[in-house]
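The values are calculated or read from the model by the stated rules, or taken from the named source; none is laboratory data. Just so we're clear, the structure is a prediction, and the values are computed from it rather than from any experiment. Here the Cβ positions follow ideal geometry from the backbone for every residue, glycine too, while neighbour counts run over all protein chains shown.
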């Protein structure tokens, strides 16, 4: 009994010291750029060009959809929401990355780290929910064309968009709130941005609630993936029956499938390697794979849809070169 009491006392002392150390964590040190010191100017230029490209292509598509009344349809409204989310998510990553590439020491405040985590986390969930809405819209349009305007009304679109944004923000607030309550005993983050796994690796105490919540969120997002797979199985069955259906599938569904595949692949990799510290890959490779969901979807979403959807392509060309279009008409 005395031995047990001494062990409990020792554990309590260690725990108390850990709690005391946790109050000193006011800054996080980002070590993801340690292998890029010799080529910082190159990485800075590439990152700046990528961010400017993301802003340009997404804003172009958003403004085009807003200004063209003919594009005020559910598919284009969901696409517009996807581009807004792309700007939102990258705003939580690129400005900080560009600053870090210009400084010798990469640090971020505790509050700044949690803010960046919240923005990126909610952006990922919002992307998934919006892609699910787009697959539902395509399913109704192709498999239930006569009921499309009855099912997908303007009120339904507004409700679905509100849900696709409010749900991620609500879950994000819960996740960050639970993270704030965890005492930390370290400040090293081996990435170029903050995320939940990197922060919780320094927890001084067991974090079963946080781990359960993370698994719950992953499982919840498996359901939209299954729904998307089901929707496209039905769409393919319907489209293969006619040449017109195959053309419609190629124009509106193939870009969506490409976007979904890329997004799910890169986010799944980042989540798995974030919680598994035993992954044997170099820091540069890990960073390159981790930021793909902050590079590929924001750039390729508007480009893929803009190049494949004839209505958007015509609207953008008309806006950029109206005189030529007038001449072509005559």
Could you tell me which residue of region 88-109 is surrounded by the most Cβ atoms within 10 Å (Cβ to Cβ), considering only residues that are touching a strand residue (DSSP E or B) at 6+ places or on another chain (Cβ under 7 Å) and more than 21 Å from residue 46 (Cβ to Cβ)? 108
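Which members of region 25-43 meet the condition of being assigned to a helix (DSSP H, G or I) and either at pLDDT below 80 or in contact with a helix residue (DSSP H, G or I) (Cβ under 6 Å, 6 or more places away or on another chain) (or both)?
34, 35, 36, 37, 38, 39, 43
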Taking region 47-81 as the region of interest, how many residues are in contact (Cβ under 8 Å) with a residue 40 or more places away in the chain and under 18 Å from the mean Cα position of the chain (by Cα)? 10
Of the residues in region 179-199, those that are farther than 18 Å from residue 32 by Cβ and in a loop (DSSP other than H, G, I, E, B) come to 181, 182, 183, 185
Considering each of 171, 120 in turn, give the residue that is in contact with a helix residue (DSSP H, G or I) (Cβ under 8 Å, 6 or more places away or on another chain), surrounded by fewer than 20 Cβ atoms within 10 Å (Cβ to Cβ), assigned to a helix (DSSP H, G or I) and modelled with pLDDT of 90 or more. 171
Yes/no for residue 299 being surrounded by 13 or more Cβ atoms within 10 Å (Cβ to Cβ), at pLDDT 70 or above, within 23 Å of residue 81 (Cα to Cα) and in contact with a helix residue (DSSP H, G or I) (Cβ under 9 Å, 6 or more places away or on another chain): yes
Quickly run through region 63-110 and pick out the residues that are more than 30 Å from residue 158 (Cβ to Cβ), modelled with pLDDT of 90 or more and outside any helix (DSSP H, G or I). 107, 108, 109
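For every residue, the table says whether it meets (1) within 30 Å of residue 40 (Cβ to Cβ); (2) under 14 Å from the mean Cα position of the chain (by Cα).
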{"position": "114", "(1), (2)": "yes, no"}
{"position": "130", "(1), (2)": "no, yes"}
{"position": "139", "(1), (2)": "no, no"}
{"position": "148", "(1), (2)": "no, no"}
{"position": "153", "(1), (2)": "no, no"}
{"position": "157", "(1), (2)": "no, no"}
{"position": "170", "(1), (2)": "no, no"}
{"position": "179", "(1), (2)": "no, no"}
{"position": "191", "(1), (2)": "yes, no"}
Region 200-250, residues that are surrounded by 13 or more Cβ atoms within 10 Å (Cβ to Cβ), free of Cβ contacts under 8 Å to residues at least 60 places away in the same chain and either in contact with a strand residue (DSSP E or B) (Cβ under 6 Å, 6 or more places away or on another chain) or not in a helix (DSSP H, G or I) (or both): 203, 207
Being more than 25 Å from residue 49 (Cα to Cα) and modelled with pLDDT of 75 or more narrows it down to one of 291, 240, so name that one. 240
